[in-house]
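Bear in mind that the values in this text are calculations on the coordinates, not laboratory data. Here the structure is a predicted model, which means the values were calculated and not measured. Cβ coordinates were reconstructed from backbone atoms using ideal geometry, including for glycine residues, and neighbour counts include every protein chain displayed.
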Amino acid sequence: DSQEVSLFSRTGATVTSEQVQAVHDEFYDVVRLPAVAWKTIADLGLNLSATELIDRLDTDHQTSFIVVSLKMPTPKLAQEAVTIHTENAVTTFRDIRSRSAEVALEFLNAEVDEQAQTLAAAEQALQEFQLENEVSDLNREIIAYQDLRRSLQSDRDYTLVEAKRNERLAEEFQTQADASFAKAENLLASIAISATVTPAEAGEDADAQAPPTPTPDPVMVAAIENLQAQAQAQRRSAAEYSAAASGYRSAAAEYDRILNERQQQHIYLLGLQQQYDELVEAVSRADGSYAFLLDKANEAQLKLNQGKSVGYLQVAEPARLPSSEAPKRTAQLLVVGILVSLLVALVLAFLLEVLERVVGQAKNSSD
């Protein structure tokens with residue numbers, strides 16, 4: 001259909017001359033439409049019928065032009081009548097050519113309005129879903145929860161590693177502290193043994209003056225003090241590492257709690273995904289249909305405007321005031337009358353001859 005509304009569609013190219021020829025052929029018929037003739041009669045107040053006005057028309061269909069002429073009693077009336085009749089014919093022709101686009105435009109405008117309501121309803125449903133579930137983009141929220149879960153798991157794993165490392169260091173420092181205290185105690189014990197006097201030695205010289213108390217070896221004492229200080233420092237380090245390990249263990253437990261909570265929220269969002277996808281798809285489908293119909297409506301409007309203007313159909317030269325009367329047709333009518341009379345005479349003569357023969361044959365048969 002040449003009037004089909006299409007946007008930038010691939011159609012067969014039509015030669016301009018063929019388009020002009022088609023317009024000429026269609027306009028040639030429109031000029032002789034009774035409806036156009038009646039409109040001209042009404043505009044001018046003529047005392048004619050549509051058939052009589054059409055009989056007064058004369059059109060010369062040339063290659064690129066249509067010359068319209070009209071016979072009227074006066075030159076002024078003929079000029080006015082042919083001008084108005086041509087304008088009415090052009091207007092009617094444009095209305096005919098644009099009628100399909102006009103009908104399509106009305107239909108498309110109604111469809112655009114209906115689709116706009118459908119789109120608004122789909123968007124409203126999606127917005128209510130987003131407000132109810134406190135999500136704007138569900139797919140993005142799900143991805144964000146997945147990323148958060150991976151991050152929490154990584155942090156939890158790190159705290160567990162640190163807890164084990166600090167526990168191991170606490171055990172090592174505690175072992176070292178125990179070893180240092182044990183060495184210090186052994187040194188103290190050796191000093192006490194060396195400073196003790198046996199009873200046998202005391203009986204040999206009971207009346208003698210008691211020997212002086214032996215003085216501890218300063219080097220030994222310094223070694224014991226160093227060992228004790230080292231043991232205390234190692235115990236403090238062991239306590240610190242143990243406390244750090246407990247903190248990491250508590251952090252890991254908190255991470256597990258948060259992970260479990262986020263996992264429940266993630267599962268809840270995954271349960272909403274099908275409904276959300278359906279709502280988004282409804283909005284996308286409605287928006288696509290709305291855009292498509294709007295494009296078609298715009299194209300139909302352009303088609304209607306084109307049909308209303310038809311730039312290649314226009315009056316190239318206005319009607320001229322006749323300078324002479326139309327040639328009389330009396331001679332032509334006389335010739336036609338004579339020819340008709342001759343034909344009638346021949347027919348009558350032929351009929352009379354046939355009748356005479358029939359009558360003669362009837363008499364002969366009766367004798």
Does PHE27 fit the bill of being among the aromatic types (Phe, Trp, Tyr) and touching a residue at least 24 places away in the same chain (Cβ under 8 Å)? yes
Could you check how many residues of the stretch 106-129 are loosely packed, with under 15 Cβ neighbours inside 10 Å and more than 30 Å from ALA297 (Cα to Cα)? 1
Which of (1) more than 30 Å from the chain's Cα centre (by Cα); (2) more than 30 Å from SER250 (Cβ to Cβ) does ASP113 not meet, given it meets every other one? (1)
Do we find a residue being buried (at least 18 other Cβ atoms within 10 Å of the Cβ) and within 25 Å of GLY288 (Cβ to Cβ) anywhere in the stretch 87-102? yes
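Kindly indicate whether any position in the stretch 93-103 is touching a Leu at 6+ places or on another chain (Cβ under 8 Å), more than 30 Å from LEU279 (Cβ to Cβ), polar (S, T, N, Q) and in contact (Cβ under 8 Å) with a residue 24 or more places away in the chain.
Scanning the stretch 93-103, I find at least one residue that is touching a Leu at 6+ places or on another chain (Cβ under 8 Å), more than 30 Å from LEU279 (Cβ to Cβ), polar (S, T, N, Q) and in contact (Cβ under 8 Å) with a residue 24 or more places away in the chain, so the answer is yes.
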Residue in the stretch 65-76 that is part of a helix (DSSP H, G or I) and among the aliphatic types (A, V, I, L, M) present: no
So if I check each of PRO75, PRO34, which one is over 26 Å from ARG97 (Cα atoms), in contact (Cβ under 8 Å) with a residue 12 or more places away in the chain and not small (Gly, Ala, Ser)? PRO75
Any idea how many residues of the stretch 241-276 are free of Cβ contacts under 8 Å to residues at least 40 places away in the same chain and over 17 Å from ARG156 (Cβ atoms)? 5
